[in-house]
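Trainee: Below is the structure I would like to discuss, written out as structure tokens.
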Amino acid sequence: MFKVDIHTHILPLDLNSVTGKFKDSRFLKVSPIDVDTAWMEKGGKQFRRISCNCWDHNVRAKECCETDVDMQVLSTVPILFSYWAEASEAYDLSQFLNNHIADIVVDSPEKFIGLGTVPMQDTKLAIREIERCMGDLGMKGIEIGTNINGENLGEQKFRPIFEAAAEMGCAIFVHPWDMMGEDQMQKYWLPWLVGMPAELSRAICSLIFSGVIEQLPNLRITFAHGGGSYPWTMGRIEHGFNVRPDLCAIDNPKPPSEYNGRMYFDSLVHDADALRFLINRFGADSIAMGSDYPFPLGEEKPGELIESMDDLSGDVKKQLLSGTALEWLGMESVD
């Protein structure tokens, strides 16, 4: 079956040519170790060791063939969002990253689809870059973080960005970053194991309760990592909405369950029972294959979990492996 992986990350090996111009040490830099590996560095400290499949699209195209992935949707590594930065520098970085992805898509349009990144801390610059991504660069959407410098996505100041995306047919991929409580749980990799799922639920609840999902019915938005903890705590969230409408229903009178089928999720839940639950709750047409390639929390062979589930029909597997992805991206088919 045709397979589209909506959750993959890439960065340019020559990243330092732009981040090296900025004075703030928090901007990410890449320090090569050898031809196949490098360190991602932040604040002068080694942050993560990466392999060449994180920057070389020819290597990842080869690995796609080895794992039977027909197309990858490329988005930047979330640490590069840089929402904390001066807006003009974040804008320059966004343009650099987006040009890099766009060039890869032009080189290999049969293998890659591009998502951009935008400086969410500045509404006007963010909208300007969305326009460039969707127009000049021919991208299908953008990737954004679950919060912007601690502020929730449902805040009124970000509404024009979502309105612009809906109007332009720009798909949005929401990925956790800058996890709340991260400083209090550094041990055992807990920010990634506990913080990321919570961040996604935070983003989803904020967008529902604030009325963004209600007021923008044409907004096509996908949440990474199976929506984090949101699907599994929906009962609690719905109950809280019903018993304390004075706190939860102040900006949108409709309950969270009203939006089942209005949002998308990737399939990256690492467990067959969890994926069945996700399908039963939201429907296969709301779930798209995503692997988090090329990072360790991802699925080593994209789509393997879906393909291994004998209780799923061929039509359901087809929907999960490519149908939902193409719908979310606004693509009827792949030529």
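Trainee: For segment 71-153, which GluC sites (Glu not before Pro) pass both filters: DSSP loop (anything but H, G, I, E, B) and at most 14 other C-beta atoms within 10 Å? Mind dumping the intermediate values first?
Mentor: Values: sites: 86, 89, 110, 129, 131, 143, 151; in loops: 86, 110.
For GluC sites (Glu not before Pro) across segment 71-153 that sit outside H, G, I, E and B with at most 14 neighbouring Cβ atoms in 10 Å, the list reads 110.
Trainee: FRET efficiency for residue 271 and residue 84, Cβ-Cβ distance as r, R0 = 25 Å, nearest 0.05?
Mentor: For R0 = 25 Å, the calculated efficiency reads 0.15.
Trainee: Which residues does the label zone of residue 155 cover in segment 109-135, counting backbone N under 19 Å from a point 7 Å along Cα→Cβ?
Mentor: 118-128
Trainee: What is the sum of charges, Lys and Arg at +1 and Asp and Glu at -1, for the other residues whose Cβ falls under 12 Å from the Cβ of residue 171?
Mentor: The answer is 0.
Trainee: Can you list the residues, at least 5 places off or on another chain, whose amide H is less than 5 Å from the amide H of residue 265, using H built in the peptide plane?
Mentor: For residue 265, the qualifying residues are 223, 287, 288.
Trainee: Which FRET efficiency, nearest 0.05, do residue 39 and residue 163 yield, Cβ-Cβ r, R0 45 Å? Numbers along the way, then the final one.
Mentor: Details: r = 40 Å, r/R0 = 0.88.
Computed FRET efficiency for residue 39 and residue 163 comes out at 0.70.
Trainee: Within 12 Å, Cβ to Cβ, of residue 12, how many net charges do the neighbouring residues add up to if Lys/Arg are +1 and Asp/Glu are -1? Display every interim value, and only then the final one.
Mentor: Working: positive: 29; negative: 14, 56, 103.
Its environment carries a net charge of -2.
Trainee: Measure out, as a whole number of angstrom, how far apart the alpha-carbon centroids of segment 279-306 and segment 163-217 sit.
Mentor: So the two Cα centres are separated by 18 Å.
Trainee: Which ³J(HN,Hα) values in Hz, rounded to whole numbers, follow from the phi angles of segment 147-158 under the Karplus curve 6.51 cos²θ - 1.76 cosθ + 1.60, where θ = phi - 60° and Gly and Pro get x?
Mentor: 8, 10, 6, x, 8, 6, 5, x, 4, 4, 5, 9
Trainee: Right, something else. Residue separation times 0.36 nm, minus the C-alpha to C-alpha distance between residue 244 and residue 313: what's the value?
Mentor: On the way: separation 69, 0.36 × 69 = 24.84 nm, distance 4.06 nm.
Answer, rounded to one decimal: 20.8 nm.
Trainee: Rounded, prolate or oblate: which one fits segment 36-165, using the alpha carbon gyration tensor with axes a ≥ b ≥ c (rounded when a/c is under 1.5, else prolate when a/b beats b/c, else oblate)? Before the final figure, lay out the partial values.
Mentor: On the way: a/c = 2.14, a/b = 1.36, b/c = 1.57.
Cα axes put segment 36-165 in the oblate bin.
Trainee: By DSSP, what percent of the beta bridges with both residues in segment 138-280 are antiparallel, rounded to the nearest 5?
Mentor: Working: 2 of 12 bridges.
In segment 138-280, approximately 15 percent of DSSP beta bridges are antiparallel ones.
Trainee: Right, here's the next one. Which of the aspartates and glutamates could a cross-linker bridge to residue 23, judged by Cα under 15 Å and excluding same-chain residues fewer than eight apart?
Mentor: 41, 86, 89, 92
Trainee: Could you tally the net charge around residue 218, taking each other residue with its Cβ under 11 Å from the Cβ of residue 218, Lys/Arg +1 and Asp/Glu -1?
Mentor: Computed value for this residue: 0.
Trainee: In sequence order, what are the phi-derived ³J(HN,Hα) couplings for segment 296-309 according to the Karplus relation 6.51 cos²θ - 1.76 cosθ + 1.60 with θ = phi - 60°, rounded to whole Hz, with x for glycine and proline?
Mentor: Here the 3J(HN,Hα) series is x, 7, x, 8, 4, 10, x, x, 4, 4, 4, 5, 7, 8 Hz.
Trainee: So, one more: Please identify the trypsin sites (Lys or Arg not before Pro) of segment 257-335 that satisfy two criteria: DSSP loop assignment and at most 16 other Cβ atoms within 10 Å. Which are they?
Mentor: Listed in order of number, the matching sites are 262.
Trainee: Taking the dipole about the Cα centre of segment 1-131, with the C-beta of Lys and Arg at +1 and of Asp and Glu at -1, give me whichever of 116, 87, 11 is farthest to the positive side.
Mentor: Projecting each Cα onto the dipole axis, the largest value belongs to 87.
Trainee: Need the full-extension length gain, residue 13 to residue 103, defined as separation in residues times 0.36 nm minus the C-alpha distance. One decimal, nm. Could you put the intermediate results ahead of the total?
Mentor: Working: separation 90, 0.36 × 90 = 32.40 nm, distance 1.37 nm.
This chain segment gains 31.0 nm when fully extended.
Trainee: Would you work out if segment 220-289 is rounded, prolate or oblate? Take a ≥ b ≥ c from the square roots of the eigenvalues of the alpha-carbon gyration tensor; rounded if a/c is under 1.5, else prolate when a/b is larger than b/c, oblate otherwise. Intermediate results must be reported in sequence, preceding the final value.
Mentor: Values: a/c = 2.57, a/b = 1.90, b/c = 1.36.
Taking the square roots of the gyration eigenvalues as a ≥ b ≥ c, segment 220-289 is prolate.
Trainee: Here is a further query. What residue among 185, 196, 40 shows peak mean-square fluctuation when the chain is described by a Gaussian network model with Cα springs under 10 Å?
Mentor: Sorting by GNM fluctuation, first place goes to 185.
Trainee: How would you classify segment 202-318 from its alpha-carbon gyration tensor, with a ≥ b ≥ c the square roots of the eigenvalues: rounded for a/c under 1.5, else prolate if a/b is greater than b/c, otherwise oblate? Numbers along the way, then the final one.
Mentor: Working: a/c = 2.14, a/b = 2.05, b/c = 1.04.
Prolate, since a/c reaches 1.5 and a/b exceeds b/c.
Trainee: Which three extents, in angstrom, do the Cα atoms of segment 292-335 have along their principal axes, listed largest first?
Mentor: Sorted from largest, the Cα extents of segment 292-335 read 31, 27, 16 Å.
Trainee: Follow-up question, since we're still on this one. On a full-extension model of 0.36 nm per residue, what is the gain between residue 48 and residue 260, subtracting their alpha-carbon distance, rounded to one decimal in nm? Don't skip to the end; give the middle numbers.
Mentor: Values: separation 212, 0.36 × 212 = 76.32 nm, distance 3.63 nm.
Full extension of this stretch gives 72.7 nm more.
Trainee: Identify all lysines with a Cα-Cα distance to residue 157 below 25 Å; exclude those on the same chain that are fewer than 8 residues away in sequence.
Mentor: In chain and number order, the partners are 124, 140, 254.
Trainee: Taking H placed 1.01 Å from N in the peptide plane, check which residues at least 5 places from residue 177 or on another chain put their amide H under 5 Å from its amide H.
Mentor: Correct list: 146, 147.
Trainee: Ok, one more. Using a Gaussian network model of the chain with C-alpha springs under 10 Å, which one of 311, 271, 107 is most mobile by mean-square fluctuation?
Mentor: It is 311.
Trainee: Taking the dipole about the Cα centre of segment 165-311, with the C-beta of Lys and Arg at +1 and of Asp and Glu at -1, give me whichever of 200, 297, 257 is farthest to the positive side.
Mentor: The residue sitting most towards the positive pole is 257.
Trainee: For the chain, what is the mean residue ellipticity at 222 nm derived from helices alone (per DSSP H run of n ≥ 4: -39500 (n - 2.57); sum divided by total residues; nearest 500 deg cm²/dmol)? Mind dumping the intermediate values first?
Mentor: On the way: 13 runs with 120 residues, N = 335.
The per-residue figure over the chain is -10000 deg cm²/dmol.
Trainee: Ok, one more. If you take every DSSP beta bridge whose two residues both sit in the chain, what share of them, in percent to the nearest 5, is antiparallel? All intermediate terms of the calculation are to be shown ahead of the outcome.
Mentor: Working: 12 of 35 bridges.
Bridges in the chain that DSSP calls antiparallel: roughly 35 percent.
Trainee: With a 10 Å cut-off between alpha carbons and a GNM built on the chain, which of 150, 226, 211 moves the most?
Mentor: The residue that fluctuates most here is 150.
Trainee: Same structure again: Which GluC sites (Glu not before Pro) does segment 264-335 hold that lie in a coil by DSSP with at most 16 other beta carbons within 10 Å?
Mentor: Within segment 264-335, the qualifying GluC sites (Glu not before Pro) (loop, at most 16 other Cβ atoms within 10 Å) are 300, 332.
Trainee: Within the chain, which whole H helices from DSSP have a Cα span along their axis of at least 18 Å and a mean Kyte-Doolittle hydropathy of 0.0 or more, if any?
Mentor: Details: long enough: 87-107 (30 Å, 0.12); 196-209 (20 Å, 1.16); 230-243 (19 Å, -0.47).
Span-like helices, by this rule, are 87-107, 196-209.
Throughout, read-outs are computed from the coordinates displayed, never taken from laboratory work. For clarity, every value in this text was computed on a predicted model and none was experimentally measured. Cβ sites come from the backbone with ideal geometry, for glycine too, and all protein chains shown count toward neighbours.
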